[in-house]
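The values are calculated or read from the model by the stated rules, or taken from the named source; none is laboratory data. These numbers were taken from a predicted model, which means no experiment stands behind them. Heads up, the Cβs are rebuilt from the backbone with ideal geometry, glycines too, and the neighbour counts pull from every protein chain shown.
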Amino acid sequence: MDDAPLKPSLGALLWDVDGTLAETELDGHRPAFNLAFAEEGLPWHWDPATYIQLLAISGGRERLRVYLSDQGPEPPDPALLDALVRRKQQHYTALMASGAIRLRPGVERLITAAASAGLRQAVVTTSGRVSAQALIDRLLPGGAATFAFLVCGDDVAALKPSPDAYTLALSQLAMPAAAVVAIEDSSNGTRAATAAGLRTLVTLSEATRQEPLAVFEGAAAIVSQLGEGGAPVSVLQGPPCPDGLITLSYLEQLAVPS
C-alpha cells in the first residue's frame with residue numbers, strides 16, 4: 001500500500017548505521033577485527049557470542065581498547081591499538097567493496113520513500129566516518145544526496161548511550177525532536193535517541209534480537225525488521241502494522257507524541 005500524504009509532524013529521519021542499515025556488526029566489523037588480529041600475529045578471535053557481548057561498549061576503537069585492557073595487567077599499547085584500528089578499517093572497507101554486506105530488508109525502500117516525500121534524512125552513528133562512509137558509498141550510491149549530513153563517533157566527546165550525537169544532529173536539522181524519528185537497532189542507540197527527546201523505532205538486528213525487550217525502554221515501537229517482499233514485519237511493541245511493512249505512514253504515528 002502506498003504511503004498516505006504526511007502531516008507536518010514528521011519532518012526528518014535519523015538513521016543509525018551498524019545493525020540498522022545493514023548487518024555490519026557480525027558480518028563486517030567482527031571479521032575485519034579478526035583479520036587485523038591475525039595480521040598482527042595475535043591469538044585472538046572474536047566469535048559471534050563474544051562480539052555480541054562486546055557490543056555493550058559503543059564504538060569499535062573503544063570496544064577494542066577495553067578488550068586489550070582485559071588481556072593483561074598493563075594498559076594497552078597505543079601503537080598496537082592504532083595499528084589494529086587502521087588494519088581493521090582497511091579490511092572493513094574491502095569487505096564492503098566486495099559486496100559481502102547488503103542493506104537490510106526495507107531500508108532502501110523506506111529511504112527512497114522518505115526522500116520522495118521531502119523528509120530530511122541524516123546518519124547518526126558511533127562508528128568512525130571512514131566506516132560509515134564506506135557503507136553509504138557502496139550500498140547507497142545516492143547517499144551523498146540522500147543524507148543531509150553524517151554525525152559520527154569522531155564528532156562527539158561521548159558515544160551512545162550518551163545523547164550527544166543525537167543532540168548535535170537535532171541542532172543541525174534545526175527541528176524540534178517531536179518532528180523527528182530515530183531508527184535504531186541497539187539498546188545503547190535507543191537510550192541515546194530517547195534521552196535526546198526523539199521518538200525511536202527499534203528494528204532488531206542479528207546482534208540484538210535475542211535481548212529482552214526491557215533493554216529498549218523508551219522505544220516508541222520495536223519491530224523485527226522494516227519489511228520487504230515476502231518478509232513481513234513482526235511488531236513486538238508499538239502500533240500494529242497491518243500492511244506488513246514499516247512505511248512513512250507508520251512512522252508518522254510515532255512522530256506524534258502520545
Would you confirm whether any residue within region 84-103 is surrounded by 20 or more Cβ atoms within 10 Å (Cβ to Cβ), out of contact with any helix residue (DSSP H, G or I) (no Cβ under 6 Å at 6 or more places or on another chain) and of a type outside the set (Lys, Arg)? no
Sort out which residues of region 201-221 are in contact with a helix residue (DSSP H, G or I) (Cβ under 8 Å, 6 or more places away or on another chain) and over 17 Å from Asp18 (Cα atoms), and write them in order of number. Val215, Glu217, Gly218, Ala219, Ala220, Ala221
Residue check: is Ala165 touching an Asp or Glu at 6+ places or on another chain (Cβ under 8 Å), part of a helix (DSSP H, G or I) and crowded, with 19+ Cβ neighbours inside 10 Å? yes
Residues satisfying the stated conditions in region 234-258, i.e. without any contact (Cβ under 8 Å) to a residue 60 or more places away in the chain and either part of a loop (DSSP other than H, G, I, E, B) or among the acidic types (Asp, Glu) (or both): Ser234, Gly238, Pro239, Pro240, Cys241, Pro242, Gly244, Ser258
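Residues checked against (1) closer than 20 Å to Leu55 by Cβ; (2) in contact with a helix residue (DSSP H, G or I) (Cβ under 8 Å, 6 or more places away or on another chain); (3) modelled with pLDDT of 95 or more:
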position	(1), (2), (3)
Arg138	no, yes, no
Gly143	no, yes, no
Val151	yes, yes, yes
Asp154	yes, yes, no
Ala157	no, yes, no
Thr167	no, no, yes
Ala182	yes, yes, yes
Only one of these is out of contact with any helix residue (DSSP H, G or I) (no Cβ under 6 Å at 6 or more places or on another chain), surrounded by 19 or more Cβ atoms within 10 Å (Cβ to Cβ) and within 17 Å of Thr24 (Cα to Cα): Ser131, Ser186. Name it. Ser186
Just checking, does region 56-72 include any residue being out of contact with any His (no Cβ under 6 Å at 6 or more places or on another chain) and more than 30 Å from Pro163 (Cβ to Cβ)? yes
Does region 32-47 contain at least one residue that is at pLDDT 95 or above, out of contact with any Cys (no Cβ under 9 Å at 6 or more places or on another chain) and among the polar types (S, T, N, Q)? yes
Does Ala182 fit the bill of being among the small types (Gly, Ala, Ser) and assigned to a strand (DSSP E or B)? yes
Any residue in region 103-116 that's at positive phi: show its pairings with residues that are crowded, with 18+ Cβ neighbours inside 10 Å at Cβ separation under 6 Å, as long as the two are six or more apart or on different chains. Gly106/Leu226; Gly106/Gly227; Gly106/Glu228
State whether one or more residues within region 111-126 are within 22 Å of Ala32 (Cα to Cα) and at pLDDT below 95. yes
Working carefully through the options Ala114, Ala122, Ala148, Ala132, find the one that is assigned to a loop (DSSP other than H, G, I, E, B) and in the same structural domain as Leu201 (by TED's automatic domain parsing). Ala148
Checking Ser9 against (1) farther than 30 Å from Val223 by Cβ; (2) not in a helix (DSSP H, G or I), which test does it fail? (1)
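Tell me whether region 63-75 contains one or more residues that are within 23 Å of Thr194 (Cβ to Cβ) and crowded, with 18+ Cβ neighbours inside 10 Å.
Keep residues of region 63-75 that are within 23 Å of Thr194 (Cβ to Cβ), which gives 63.
Filter once more, so that each one left must be crowded, with 18+ Cβ neighbours inside 10 Å: 63.
Within region 63-75, one or more residues are within 23 Å of Thr194 (Cβ to Cβ) and crowded, with 18+ Cβ neighbours inside 10 Å.
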